[in-house]
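Presented below is the structure to which this report refers.
The values are calculated or read from the model by the stated rules, or taken from the named source; none is laboratory data. Here the structure is a predicted model, which is why all the values come from computation and not from measurement. Neighbour counts run over all protein chains shown; Cβ positions are idealised from the backbone, glycine included.
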Amino acid sequence: MRTVGLALVLGWALVRGGSAQQSAPDLLAAARHLAATQQLDSAVVLLTRAADRASGGTDDDRAQALVLLGVVRFYQGQDSLTAAAFRSALTLDTTLQVGGLGQIDSVLPQLFEDERKRVVSAVREAVLRPHSCIRRCLGGETPPRLRDIPRLTLDSGPDFINTHAVLSVLLVVSEDGIPEPETIRVSSSTMPSVNTQVLEAVRAAHFRPALANGVPVRALVELRFEFRAEGMTAITYRIEGP
């Protein structure tokens, strides 16, 4: 049974970088009063508004609202929504500290720390994940540019007269402009006989790295090789990509 009085929430303090949370906006103050008097549904409405960027509150105010929202949801028996609210608060600041959760209910500190672990793990994964720059960079980054790649020497023959083939390769270009070997793979090919040679060339290619806010970053890119046979003597090709 969750019987601890919600009036305890009136004594909370959120701490960022060692400084105590200052006075909250009117919405948050009103929501605290509603929570303390067990008017939980009404408190949820105000806390949802206080947590919205449109309310004009600071990130501290929004974090305060989200943590309080999590506790109210906990008292309503909606633990999954408690976790979601805590997670949203920690997304604003992974170092966020909350005083008094254990006094409200012994379960809450562990729920809060479990969500901190999930958020920190997601942040680390995002840092390691390459920026997506297939065809265009989704985040507005400056895409990597191919600087040089070994020339392919391809012989034609009777089977390749009038051939038009396309081979696409996916790869991650490092911050140094070097293809990361373990990421290089053929995503599609209508001319499998040249796959091995193309992959060898891509491994030896050099790029100007992608830039995000002027800083080199890893980027997932696609190189598209388009082949055309000219008579029975040679196959010409062009490369499309970054």
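Tabulated data
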item	result
Test: residue in segment 95-110 that is surrounded by 11 or more Cβ atoms within 10 Å (Cβ to Cβ), charged (D, E, K, R) and under 25 Å from the mean Cα position of the chain (by Cα)	no
Top-ranked residue in segment 35-47 [being touching a helix residue (DSSP H, G or I) at 6+ places or on another chain (Cβ under 7 Å) and under 16 Å from Leu66 (Cβ atoms); ranked as modelled with the lowest pLDDT]	Ala35
Enumeration of residues in segment 56-90 that are at pLDDT below 90, among the polar types (S, T, N, Q) and out of contact with any strand residue (DSSP E or B) (no Cβ under 7 Å at 6 or more places or on another chain)	Thr58
Segments classed as strands (runs of 3 or more DSSP E), wholly inside segment 171-229, with at least 3 members that are free of Cβ contacts under 8 Å to residues at least 60 places away in the same chain	185-189
Failed item, numbered, when Ala54 is tested on (1) of a type in the set (A, V, I, L, M, F, W, C); (2) more than 16 Å from Ala35 (Cα to Cα); (3) under 22 Å from the mean Cα position of the chain (by Cα)	(3)
